[in-house]
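As structure tokens, the structure follows; a few thoughts come after it.
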Amino acid sequence: MSVKLIGKHEKDSRACRDAVALTLKDMMGKDESIVYIDCDLMGCINTKQLVAAYPGRALQAGIAEGNAAGVAAGLSATGKTVFLHSFGTFSSRRIYDQIYMSAAYAGLPVHVLGSDAGVTAAFNGGTHMPLEDAAMYLSIPEATVCDPCDYEQLASVVRQLPGLDKGVTFTRFVRKDVIRVYDEGSEFEIGKGVVLHESEGDAATIITSGIMVDEALKAYEQLKEEGITVRVIDMFTWKPLDEELVIKAAKETGAIVTAENHNTVCGLGSVVANCLAKNCPTVQEFVGVNDQFGQVGPQAFLMDTYGLRAANIVAAVKKAIDRK
């Protein structure tokens, strides 16, 4: 793993959807077993170029997500390396039974991509806002669940997925307008968290992923100005969780705050809490969507409404420290 942190809170000129499209295009050129399936959203994710480059291996399933999942499982059974994309709601709730039974239960790896994660669905509204998508995949045996934060991390994750030994994978991501956290050339290892800030005497640890990484970095800066140092971990893999890193942070800082663009019920916070309960009971506070449905609005408004801001993380850190 080779990570170069930028952390300047600046938007990337590149869209994360291109991290998927361009990375897959490169991978498909090198590996003829790779197949891409989309559910009438190639225009949204810029993967029409895959059809032009590999017309026999980039397939349009239309607005029939359950059928697309069945096709994905069937192609996997023939030895193909299959990537399947739809919006996060459709790539989780809509196809869950087919993915669970036809792919996961059958032992067939299918790499599911869910775009517009959490509140980034924005104007697509509550019906299209996946706040529970990762929770569904976390409950599938042997599944891998990732929540990368920017272009570089997403591209790195996509490149690694075919090399995983077994199981269905689910990668949730933002299509566009993301903050650039990591510099070009950064590489990550699925299943290993990334320590962004660490020092002796840290009063707490923030464990986060996705769009909340930048908010966590802002919280780190605000707390540092107040004389409070905290550890910051980008836990872009929710399953398998880097339990060793979580336990180490708990033992050394004595307080954990999780921050996620997802329902706190059965999300990253729950996964971390489960690890701590079994291995190292520790004070923990949760930042995320608190058992609510999605709604229509600009992403900034939604982040304010659901408490997904640096200020919310700062408050949670202070509360956790007080509880130690």
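The values are calculated or read from the model by the stated rules, or taken from the named source; none is laboratory data. Keep in mind the model is a prediction, meaning the values are calculated, not measured. Positions of Cβ are generated from backbone atoms using ideal geometry, with glycine treated the same way; all protein chains shown enter the neighbour counts. The accessibility values were calculated without ligands, DNA or RNA, using every heavy atom of the protein model including side chains. Shrake-Rupley method; radii C 1.70, N 1.55, O 1.52, S 1.80 Å.
Karplus-based coupling profile of the stretch 287-292, in residue order and whole Hz: 10, x, 7, 8, 6, 10, with θ = phi - 60° in 6.51 cos²θ - 1.76 cosθ + 1.60 and x standing for Gly or Pro. Of the residues V283, T23, L308, the one whose Cα sits farthest toward the positive end of the charge dipole of the chain, with +1 on the Cβ of Lys and Arg and -1 on the Cβ of Asp and Glu, is T23. Computed over the stretch 267-310, the quotient of the alpha carbon radius of gyration and 2.2 N^0.38 Å is 1.46.
Dipole orientation for the stretch 61-184: of the candidates G74, V112, L138, G74 has the Cα lying most toward the positive pole (charges on Cβ; Lys, Arg +1; Asp, Glu -1).
Compute the acute angle (0 to 90°) between the alpha-carbon long axis of helix 16-30 and the principal axis of greatest extent of the alpha-carbon atoms of the chain; round to the nearest 10°. That works out to roughly 50 degrees.
Placing +1 on the Cβ of every Lys and Arg and -1 on the Cβ of every Asp and Glu, with nothing else charged, gives the stretch 189-272 a dipole about its Cα centre of roughly 220 debye. Taking the Kirkwood radius as Rh and the Cα radius of gyration as Rg, the stretch 1-62 has a ratio of Rg/Rh equal to 1.09.
State the Cα centre-to-centre distance between the stretch 72-130 and the stretch 1-37 in whole Å. Measuring centre to centre over Cα atoms gives 18 Å. Here the simple spin-label model places points 7 Å from the Cα toward Cβ, and for D304 and S33 these points are separated by 5.1 nm. Over the stretch 85-138, the Kirkwood radius and the radius of gyration, each from Cα atoms, give a ratio Rg/Rh of 1.01.
Classify the stretch 32-79 from the C-alpha gyration tensor, please: rounded if a/c falls under 1.5, else prolate or oblate depending on whether a/b exceeds b/c. Since a/c reaches 1.5 but b/c is at least a/b, the shape of the stretch 32-79 is classed as oblate. Projected onto their three principal axes, the Cα atoms of the chain cover extents of 58, 39, 37 Å, largest first. Assuming charge only on the beta carbon of Lys and Arg (+1) and of Asp and Glu (-1), the dipole of the stretch 176-324 about its Cα centre is about 480 debye to the nearest 20. Computed from the C-alpha gyration tensor, the three semi-axes of the ellipsoid equivalent to the stretch 106-164 are 22, 16, 9 Å, from longest to shortest. The GluC sites (Glu not before Pro) of the stretch 1-89 that meet both conditions, a loop assignment by DSSP and at most 14 other Cβ atoms within 10 Å of the site Cβ, are E10, E32. Relative contact order for the chain: 18 percent, from Cα pairs under 8 Å spaced at least 6 residues apart, divided by residue count.
Taking a straight line from the alpha carbon of K192, these lysines sit under 20 Å away, with near neighbours fewer than eight places off in the same chain left out: K4, K166, K239, K248, K251, K278.
Roughly how many Å² is the accessible area per residue of the chain, as a whole number, for a 1.4 Å probe?
Values: 12660 Å² over 324 residues.
I get 39 Å² per residue for this part.
Using Cα atoms only, what is the angle between the long axis of helix 243-253 and the major principal axis of the chain, expressed in degrees (0 to 90) to the nearest 10? That works out to roughly 20 degrees. Think of each Lys and Arg Cβ as +1 and each Asp and Glu Cβ as -1; about the Cα centre, that makes the dipole of the chain roughly 360 debye.
To test your reading of the geometry: what angle, between 0 and 90 degrees and rounded to tens, separates the Cα axis of helix 151-160 from the longest principal axis of the chain? That works out to roughly 60 degrees. Under the simplified labelling scheme, the A53-K8 pair shows an inter-label distance of 2.8 nm, with each label point 7 Å from Cα along Cα→Cβ.
Would you work out what percent of the accessible area of the stretch 135-240, with all protein chains in place, is carbon or sulfur (probe 1.4 Å)? Don't jump to the answer; show the numbers that get you there.
On the way: 1490 of 3480 Å².
Of all accessible area on the stretch 135-240, carbon and sulfur atoms account for 43 percent.
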